[in-house]
Every structure is written in structure tokens, then in C-alpha cells.
Amino acid sequence: METLDAAELLSALGHESRLAIFRVLVEAGAAGMAAGAIAEKVGLAPTTLSFHLAHLSRVGLITGRQEKRFIFYSANYAQMDDL
């Protein structure tokens, strides 16, 4: 992994809320967790959570998949291992 890429990933995790979200998703495992459950677990408003999830997704630390009306997010373990 390039140094600039690693710096971007670490910067994303440098925010307290994003780190909390990422930790919850790592603990949730490969099945991931619905956005609403993440919001309850970390105590964030839905709009704030959405902003942080988008940032983590943009840098590749998490992935989302839609199942019916819900979006389930999970940690990208391969990206985490590379970091």
C-alpha cells in the first residue's frame, strides 16, 4: 500500500465517530450491521451517521449492501489487513 493511501485511511479513522463506527463493524463480523443498528450502538443521529459511513465507504474501509429497505455495512477486512 502506498504511503499516501495509508495516510488517507488513517486520517479517516482519526475521527472519533468514524473510529467508533469502524470498531462496531469489525466486531459485527462479515455479516455486517444495518445502519439503524449502528446509529443506536454509537449514539449518532442518522444524518451524521450517513456522513461518516459515506466517508468510510469512499476510502474503502467499509462496504454496504442493500437488502430490501435496509443497507447493511461491513468492514472491508482486506483493506484493513493491507493497512
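The numbers here are math on the coordinates, done by the rules we state, and not lab data. Predicted, not measured: the structure shown is a model, and the values here were computed from it. So basically every Cβ, Gly included, is an ideal-geometry build from the backbone, and we count neighbours across all protein chains shown.
Scan the stretch 57-78 and give yes if some residue there is in a loop (DSSP other than H, G, I, E, B), surrounded by 12 or more Cβ atoms within 10 Å (Cβ to Cβ) and in contact with a strand residue (DSSP E or B) (Cβ under 6 Å, 6 or more places away or on another chain), otherwise no. Spell out how you get there, then give the answer.
At the first step, the residues of the stretch 57-78 found to be in a loop (DSSP other than H, G, I, E, B) are 59-61, 68-69, 76.
Remaining after also requiring surrounded by 12 or more Cβ atoms within 10 Å (Cβ to Cβ): 59-61, 76.
From what's left, in contact with a strand residue (DSSP E or B) (Cβ under 6 Å, 6 or more places away or on another chain): 76.
Within the stretch 57-78 (the criterion being in a loop (DSSP other than H, G, I, E, B), surrounded by 12 or more Cβ atoms within 10 Å (Cβ to Cβ) and in contact with a strand residue (DSSP E or B) (Cβ under 6 Å, 6 or more places away or on another chain)), the answer is yes, since at least one residue qualifies.
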Is at least one residue of the stretch 10-22 in contact with a strand residue (DSSP E or B) (Cβ under 8 Å, 6 or more places away or on another chain), assigned to a helix (DSSP H, G or I) and small (Gly, Ala, Ser)?
no
Working only within the stretch 1-42, note down all residues that are surrounded by 14 or more Cβ atoms within 10 Å (Cβ to Cβ), β-branched (Val, Ile, Thr) and under 19 Å from residue 82 (Cβ atoms).
26
